[in-house]
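**Q** First the structure, then my questions, so here it is.
The values are calculated or read from the model by the stated rules, or taken from the named source; none is laboratory data. Values in this document were obtained by computation on a predicted structure and should not be read as measured data. Positions of Cβ are generated from backbone atoms using ideal geometry, with glycine treated the same way; all protein chains shown enter the neighbour counts. For accessibility, only protein heavy atoms count, side chains too; no ligands or nucleic acids. Shrake-Rupley method; radii C 1.70, N 1.55, O 1.52, S 1.80 Å.
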Amino acid sequence: MEETSKKVICLVDGEHYFPVTKSAIDKIESKGYNVELLLFIGGTEKLRDTNVDVISEFFNKPVIFGEDHKIIPYDLIEENITKYNASMVIDLSDEPVINYSKRFEIATSVLERGAIYKGPDFEFKPLKEYDVLKNPSYKILGTGKRIGKTAVSAYTARLINEEDKFTPCIVAMGRGGPEIPEIVRGDKIKLTPQYLMEKSNKGYHAASDHWEDALMSRVVTVGCRRCAGGMAGQVYVTNMVEGATMTNDLDINLVAIEGSGSAIPPVKTNKQIVLVGANQSIDTLTEYFGPYRIKLADLVIVTMCDEEICPKEKLDLLLDKIHEINPNAQVIPTIFRPHPVESIENKNVLFATTAPESVQPLLKEYLEENFKCNIIEISSNLSNRPLLQEDIERNIDNVDIMLTELKAAAVDVATKDALDKNLDVVYCDNIPIALNDEDNLDEAIMNLVHKAAEDFNRE
């Protein structure tokens, strides 16, 4: 849809006196906009006549009503944005016809169609996506922070890299990313704790997502930065488009574009994976702009589905809501389990993680059973430097190994303190595992990747 288009649809209600509504429309047109259609979304208090022809004649504009004055006709809003090629929907309605929840539903419908949704004191703009990639691609975006985007991104890249057909690359943006996009050859260099500590000492954020991706996936990554995230996912500033463009000159043939928090990467891709955290509030996911993000998905991976984090009743409700919001997407609930990248067998271990304390017993049991180690303590304070420091000081003389996820304070606190004490440092991946036996996560990911390649080749 052309940004320069001045075509507008106005949402109006029957709670306003017609001459008042007409004065608002005249004001809109005085600013250079063309009001193509008036769409009544409810209200009858001041609606003296429901004859569409009479109302259209009064406004000298096409007018349409939904079938039921008590129900907002979301479908008509969507259809007519496309029909009139409208660049903006201006909302001239008010309570009691509309409330906050209904306005977010309208906003989701409008933004999905690539139009602006504007009211007297608000304006929501659709996501800008730049078409710069010269290889098939998929996007990994999320509904919040700390729900496993980087873990899933690295997992998908490893999985894809095992297939001879693809050589993947990950482009990640983060709040600690570099000023100029940097390439990390995870496929060629060994990212040791000493190497990352050296980078940290030189001022790099060596636990930034692209470093974790490179370490865990062993593929080439491109690190980018971003600042701020809008309600619908737009960032205020990022160099990700520049970073994504750099992949066109790399020896790869598939690109994964990784989001940050709930911010959505502004790069056009062939397919999209949306991560939903089961630890998040249901309202955050099913109201506001949660549905907007979920509707973008070809595959929804629900993370953090341990019952200690998300009770079964909540998870069942969440899955039903996701299917309702996006019936076309495959939905797979998952749990994360730690996987050290090197042996920790027969070692006393301090494990630093961002996982909540509620799952510490599960993680301890999993690590000890699968990697034959002795977990002395688990710290869930990897994102809280002062508390992490206390946990390390309390345990560092009683352990052989510092096991840590590569995020937050993993390098400048956990790695630094361990190396200062001559302890070995081992980094830890998080592996997504399908909660239900009937769900095949690997198959779902590879199906999406092959479809992304097919879509790219058709363009």
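**Q** Name every residue in segment 6-20 that is open to solvent by 10 Å² or more (accessible area, probe 1.4 Å), touching a residue at least 40 places away in the same chain (Cβ under 8 Å) and not in a loop (DSSP other than H, G, I, E, B), in order of residue number.
**A** Those that are open to solvent by 10 Å² or more (accessible area, probe 1.4 Å), touching a residue at least 40 places away in the same chain (Cβ under 8 Å) and not in a loop (DSSP other than H, G, I, E, B): LYS7, PHE18.
**Q** Consider ILE98 against the criteria (1) more than 23 Å from ILE28 (Cβ to Cβ); (2) in a loop (DSSP other than H, G, I, E, B): it satisfies all of them except one. Which criterion is unmet?
**A** The failed condition is (1).
**Q** State all residues of segment 310-332 that are of a type outside the set (D, E, K, R), touching a helix residue (DSSP H, G or I) at 6+ places or on another chain (Cβ under 8 Å) and in a helix (DSSP H, G or I); if no residue qualifies, say none.
**A** Once the filter is applied, which keeps residues that are of a type outside the set (D, E, K, R), touching a helix residue (DSSP H, G or I) at 6+ places or on another chain (Cβ under 8 Å) and in a helix (DSSP H, G or I), segment 310-332 yields LEU317, LEU318, ILE322, ILE325.
**Q** Return yes or no: is THR269 polar (S, T, N, Q), in contact with a strand residue (DSSP E or B) (Cβ under 6 Å, 6 or more places away or on another chain) and open to solvent by less than 10 Å² (accessible area, probe 1.4 Å)?
**A** Criteria not met by THR269.
**Q** Would you be able to say whether some residue in segment 276-299 is in contact (Cβ under 8 Å) with a residue 40 or more places away in the chain, on the phi > 0 side of the Ramachandran plot and in a loop (DSSP other than H, G, I, E, B)?
**A** Yes, segment 276-299 contains at least one residue that is in contact (Cβ under 8 Å) with a residue 40 or more places away in the chain, on the phi > 0 side of the Ramachandran plot and in a loop (DSSP other than H, G, I, E, B).
**Q** Let me confirm something: among LYS134, LYS139, LYS118, LYS165, which residue is more than 30 Å from LYS7 (Cα to Cα), basic (Lys, Arg) and surrounded by 16 or more Cβ atoms within 10 Å (Cβ to Cβ)?
**A** The conditions single out LYS139.
**Q** So, in segment 73-88, of the ones that are touching a Ser or Thr at 6+ places or on another chain (Cβ under 9 Å) and of a type outside the set (Asp, Glu), which residue ends up farthest from GLU29 (Cα to Cα)?
**A** In this case the residue turns out to be TYR74.
**Q** Could you please give the count of residues in segment 61-95 that are assigned to a loop (DSSP other than H, G, I, E, B), open to solvent by 20 Å² or more (accessible area, probe 1.4 Å) and touching a Lys or Arg at 6+ places or on another chain (Cβ under 8 Å)?
**A** Looking only at that region, the number is 1.
**Q** I'd like the residue in segment 359-372 that is open to solvent by less than 50 Å² (accessible area, probe 1.4 Å) and not aromatic (Phe, Trp, Tyr) and, out of all such residues, is nearest to the chain's Cα centre (by Cα).
**A** The residue in question is VAL359.
**Q** Going through segment 200-214 one residue at a time, which ones are touching a residue at least 24 places away in the same chain (Cβ under 8 Å) and either more than 22 Å from ASN422 (Cα to Cα) or surrounded by fewer than 23 Cβ atoms within 10 Å (Cβ to Cβ) (or both)?
**A** SER200, TYR204, HIS205, SER208, ASP209, HIS210, TRP211, GLU212, ASP213, ALA214
**Q** Same structure again: Specify which of the listed residues (LYS145, LYS134, LYS139, LYS83) is modelled with pLDDT under 95 and not hydrophobic (A, V, I, L, M, F, W, C).
**A** Exactly one of LYS145, LYS134, LYS139, LYS83 is modelled with pLDDT under 95 and not hydrophobic (A, V, I, L, M, F, W, C), namely LYS145.
**Q** Which of the residues belonging to segment 303-314 are open to solvent by less than 10 Å² (accessible area, probe 1.4 Å) and free of Cβ contacts under 8 Å to residues at least 60 places away in the same chain?
**A** Matches in segment 303-314: CYS310 only.
**Q** Is there any pair with a first residue in segment 57-77 that is more than 20 Å from LEU111 (Cα to Cα) and a second that is open to solvent by 70 Å² or more (accessible area, probe 1.4 Å) whose Cβ atoms are under 7 Å apart and which are 6 or more apart or on different chains, and what are they?
**A** HIS69/THR44
**Q** Taking segment 88-121 only, how many residues are among the hydrophobic types (A, V, I, L, M, F, W, C), modelled with pLDDT under 95 and closer than 23 Å to ALA263 by Cα?
**A** 0
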